[in-house]
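Comments concern the structure below.
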Amino acid sequence: MHKLRNPANITPPLGKYSHGVETAANLRWLYISGQVGVNKDGKTESGIEAQARTAFASISAILADAGMAVADVVKLNVFITDPRFVTEYRKTRDEWSGDVRVASTLLVVAGLAHQDWLIEIEAVAAKA
């Protein structure tokens, strides 16, 4: 089990995440490349919610392929192309992650590798 690190002497997390996540020694690590809102057929989903759901579904599939689950995720790096997407992204993340509180970084960027992509999500997981 990972230990969440949210010291009392700093501002609490501003959402459903943790300031830090400590892992035990000798775990297997999985680094997941940025996942975007492109479905299995290669088509970009329409809208931020659909793209976020697709990206999280891809992350879940990669985790499962490695014998891992959402509970094993320790870090997310998220890139969105418009600050208006923050609320919908957080709602989708919270549905995907449930009670899991990973360390998380959210950046608003000018663009991603394809003009239709609205979000890209990287993940890091650790498991014995």
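The values are calculated or read from the model by the stated rules, or taken from the named source; none is laboratory data. Given the structure is predicted, the values throughout are model-derived calculations rather than measurements. Glycine also receives a Cβ, built like all others from the backbone with ideal geometry; neighbour counts cover every protein chain displayed.
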Pairing a residue in the stretch 18-38 that is closer than 15 Å to Met1 by Cβ with any residue that is among the charged types (D, E, K, R) and not in a strand (DSSP E or B), where Cβ atoms lie under 7 Å and the two sit 6 or more apart in sequence or on different chains, gives Ser18/Arg101
Of a type in the set (A, V, I, L, M, F, W, C), in a helix (DSSP H, G or I) and buried (at least 18 other Cβ atoms within 10 Å of the Cβ): is that true of Leu76 in this structure?
no
Please find, among Ala55, Ala25, Ala61, the residue that is surrounded by 14 or more Cβ atoms within 10 Å (Cβ to Cβ) and either over 20 Å from Asp116 (Cα atoms) or at pLDDT 95 or above (or both).
Ala55
The stretch 1-41, residues that are aromatic (Phe, Trp, Tyr) and closer than 12 Å to Val102 by Cβ
Tyr17
When residues of the stretch 102-126 are limited to those that are crowded, with 19+ Cβ neighbours inside 10 Å and not hydrophobic (A, V, I, L, M, F, W, C), the one nearest to Trp29 (Cα to Cα)
Ser104
